[in-house]
Amino acid sequence: SVLALPLMFGQPAALAEPDGTPALAETAVDRQSFTLALQQAEAGDARAQYDVARFYQTGKGVAPDHAKAVEWLAKAAEQGLMEAETSLGSAYDLGMGVPISNRKAVYWWQRAARQGSAFALRCLGYSYIEGRGVAQNNLYAYVVWKQLPSDDPEAADVLRVLRKNLSAEETARGDSMTLEEVFQGR
């Protein structure tokens, strides 16, 4: 009967088995993608190293392994890949595959923020507000949050609160400070 055909116009009828496990074809594609990315990663390609880390984080194509994910993130981050720097910071912040280290999280977020990572800037902004991995400092938090686009609603809300907690002199100083001055503790 036509209804019993597993393929319709060359497309799989389902992406998962009835018990919810991935269909075999999808798993084979994931393994193949992982293998290709791993070959490129081992050859030193930073983007492929980041991709391999994501495969290990998600368990697609390979068994999940957060420690191996961090190893590959570190390789890509050392080459300056912004996404890897951001993710490595988050791994240290959350203790995913490594012991929690707020200082190391801040280090990697600072590297990513220098490249314009909005996510890393947010993480750093909250780190300065809360004193996680750095000394609590509302002035530095203010400078970090000011780096985000002016039409960012979260940044606007946080900056409004920070301005209430800073003197007029501190706000003026923050308006003239650079991100690099914050990172160097000036």
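The values are calculated or read from the model by the stated rules, or taken from the named source; none is laboratory data. Fair warning: this is a prediction, and the values are worked out from it, not measured in the lab. Methodologically, a virtual Cβ is constructed for each residue, glycine included, from the backbone with ideal geometry; neighbour enumeration extends over all protein chains shown. In case anyone asks, the SASA skips ligands and DNA or RNA and just uses the protein heavy atoms, side chains included. Shrake-Rupley method; radii C 1.70, N 1.55, O 1.52, S 1.80 Å.
General remarks:
- Applying the criterion of being under 11 Å from the mean Cα position of the chain (by Cα) and either over 24 Å from Arg160 (Cα atoms) or of a type in the set (S, T, N, Q) (or both) to the residues of region 106-137, the residue that is surrounded by the fewest Cβ atoms within 10 Å (Cβ to Cβ) is Ser117.
- Here the condition is being open to solvent by 70 Å² or more (accessible area, probe 1.4 Å) and closer than 19 Å to Tyr92 by Cβ; of Arg103, Arg173, it holds for Arg103 alone.
- Residue check for Gly80: modelled with pLDDT of 95 or more and open to solvent by less than 30 Å² (accessible area, probe 1.4 Å): yes
- Looking only at residues of region 138-170 that are of a type in the set (S, T, N, Q) and in contact with a helix residue (DSSP H, G or I) (Cβ under 6 Å, 6 or more places away or on another chain), we find that the one that is least open to solvent (accessible area, probe 1.4 Å) is Asn138.
- Scanning region 47-95 for residues that are part of a helix (DSSP H, G or I) and of a type in the set (Asp, Glu) gives Asp51, Glu71, Glu78, Glu83, Glu85, Asp93.
- All helices (runs of 4 or more DSSP H) inside region 105-186 with 3 or more residues being touching a residue at least 24 places away in the same chain (Cβ under 8 Å) and over 30 Å from Val70 (Cβ atoms): 138-146, 168-176
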